[in-house]
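Novice: Encoded as structure tokens, here's the structure I'll be asking about.
Bear in mind that the values in this text are calculations on the coordinates, not laboratory data. It should be emphasised that the depicted structure is a prediction, and the values quoted were computed from it without experimental measurement. Here the Cβ is made from the backbone with ideal geometry for all residues, glycine too, and neighbour counts use every protein chain on show.
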Amino acid sequence: MRKIFPLTQEGLHRDRVLDAVKHDIRKYIKREQRRELPDGVDFIDFDCRIGATKDAAKSVHLSALTAQLDEVANAGATEAYVEILAKPGFRQARAPGDRSK
């Protein structure tokens, strides 16, 4: 998904528009995670970029996506560029004796 979301809409409070954008992002992620996994793939991973414009977008982890969207909105931007690309994910074995998460 590559999309420019408007963060202002006439007649709606800015916070409600931001909530609607977050809802669309979460809905897309859940839809992609429900897809059938190809053989040999452990999970669906995502490459995410976000910014006020496409040129200013920076890579972020999926878990930090909504926090970055809040930062873009708080910076006074009127729109936000969001790019979420699904890719195959593979689990990696931990080293023996490594108990960290």
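Novice: Hey, fewest Cβ within 10 Å first, where do 84, 4 land in order?
Specialist: In increasing order of surrounding Cβ atoms, one gets 4, 84.
Novice: Quick one: what Rg and Dmax do you get for the chain from the alpha carbons, in Å?
Specialist: Expressed in Å, the Cα Rg and Dmax of the chain come to 16.4, 58.
Novice: Right, another one. Given the rule -39500 (n - 2.57) for each run of at least 4 DSSP H residues, summed and divided by the residues of the chain, what is its mean residue ellipticity at 222 nm, to the nearest 500 deg cm²/dmol?
Specialist: Result for the chain, helices only: -10000 deg cm²/dmol.
Novice: Among 49, 2, which comes first, then next, by fewest other beta-carbon atoms within 10 Å?
Specialist: 2, 49
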